[in-house]
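Accompanying notes for the structure given below.
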Ligand code: RTP
Ligand code: MG
């Protein structure tokens, strides 16, 4: 083997070594991108929901009893405060109902007095809490539910419960800073 061939061989080995390195690097990037995309597209079921004890139930003195039903139902309170929605807050919170005939009444009701806002934790929190609060209309609410016990009408129905994990996170973050969520 002459010097020229030796130089060619070294160059070839160097190039193949670099190719292997680059291939491995590309493979590992591909794996990471695939994993991140998969992770991003997977909806993470959370174990938290958001609730408000509405102005009617607060005014009627039911805070204590409703909190007792919530904790007896297996929910852990991870955030809690007495607060009041402004008209703008209530409009934004129930914006999904803006076209409904009861929207004006609902906004007036939800902003007329203090509410209790809370984040609750339990396995399957959103769905289980909707079961605990009962149907929107207390006339249709099951025995043992919060609305059966404390709601007075379809409009003034004592409690709110988030309807999805996404909304629970948005509604909770509206009322509580990260350091207020335990
Ligand atoms: P929420 O959002 O407060 O937990 O109540 P929900 O899911 O059971 O019921 P939704 O359809 O979201 O309605 C929101 C609130 O609007 C008032 N409403 N009034 N007068 C009426 O026909 C009527 N329908 C609904 C209630 O305060 C209801 O909770
Ligand atoms: Mg709703």
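Residues of the range 108-117 being in a helix (DSSP H, G or I), touching a helix residue (DSSP H, G or I) at 6+ places or on another chain (Cβ under 6 Å) and away from ligand 2 (no atom under 14 Å from the Cβ), which ones?
At the first step, the residues of the range 108-117 found to be in a helix (DSSP H, G or I) are 108-111.
Cutting the leftovers down to touching a helix residue (DSSP H, G or I) at 6+ places or on another chain (Cβ under 6 Å) gives us 110-111.
Result: 111, single match.
For residue 55, state whether it is exposed (fewer than 10 other Cβ atoms within 10 Å of the Cβ) and either within 19 Å of residue 172 (Cβ to Cβ) or modelled with pLDDT of 65 or more (or both).
No.
The values are calculated or read from the model by the stated rules, or taken from the named source; none is laboratory data. Everything quoted here is computed from the prediction, not taken from an experiment. All Cβ positions, even for glycine, are placed from backbone atoms using ideal geometry, and neighbour counts span all protein chains on display.
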